[in-house]
Structures are given as structure tokens and as C-alpha cells.
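What follows is a single structure, written as C-alpha cells, with notes after it.
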Amino acid sequence: MVRQVKVSSFSEVQEIVSAAARCMSEVGVHDMKGSIADAKSILGMMCLDYSHPVNIVCEDANDMNLVVHAIRQ
């Protein structure tokens, strides 16, 4: 599953990392420049370009919803 989201603040990055850490499956984040980060790694997430929407990639629908809803609150 892939969902595109706009991340506009560092606190939203932290929310993604926190939500992904609670997931049993792997969660990846891909930016528009082609960089990929493990959503459970704050250092990896800080290396991405957030000037454009990013793609959140996960194989489990429940984990995907957990991550996406974490930044939409």
C-alpha cells in the first residue's frame, strides 16, 4: 500500500516515527527525489526532502492507517 501525504513540520515527522515504531510491519517513506527512509528511524526520516509530498509505504492496512492518522490529528 502507498499513501501520499504532505509533511509540513518536524513534529509531524516525530509523529510518523512514533506511530511507525508501534507497527509490526515495515514502514518506509519515499521522497520525490527517490530517497527512502525507514519510518522507524528518526535519523533516516530527517534526511528526506519534505518540500513536496512523500509516499508512505506499508504492506499492512492497519499499520498504514495508524501512521497516516498520526499526522492528520
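The values are calculated or read from the model by the stated rules, or taken from the named source; none is laboratory data. Small disclaimer: the values here were computed from a predicted structure and weren't measured. Neighbour counts are summed over all protein chains in view; Cβ atoms, including those assigned to glycine, are modelled from backbone coordinates with ideal geometry. Areas reflect the complete protein model, heavy atoms only, side chains present, ligands, DNA and RNA absent. Shrake-Rupley method; radii C 1.70, N 1.55, O 1.52, S 1.80 Å.
Picking from V57, V13, V17, which residue would you name as being in a strand (DSSP E or B), free of Cβ contacts under 8 Å to residues at least 60 places away in the same chain and surrounded by 16 or more Cβ atoms within 10 Å (Cβ to Cβ)?
Numbers: V13 fails: in a strand (DSSP E or B); V17 fails: in a strand (DSSP E or B).
Going through V57, V13, V17 in turn, just one is in a strand (DSSP E or B), free of Cβ contacts under 8 Å to residues at least 60 places away in the same chain and surrounded by 16 or more Cβ atoms within 10 Å (Cβ to Cβ): V57.
Based on what the data block shows, is L48 open to solvent by 70 Å² or more (accessible area, probe 1.4 Å) and either more than 16 Å from N65 (Cβ to Cβ) or among the β-branched types (V, I, T) (or both)?
Numbers: open to solvent by 70 Å² or more (accessible area, probe 1.4 Å): no; either more than 16 Å from N65 (Cβ to Cβ) or among the β-branched types (V, I, T) (or both): yes.
Criteria not met by L48.
Please enumerate the residues belonging to segment 20-49 that are in a loop (DSSP other than H, G, I, E, B) and closer than 18 Å to A61 by Cα. Before you say what the answer is, go through the steps one by one.
Within segment 20-49, the subset in a loop (DSSP other than H, G, I, E, B) is 22-26, 31-35, 39-41, 47-49.
Hits for segment 20-49 are R22, C23, M24, S25, E26, A39, K40.
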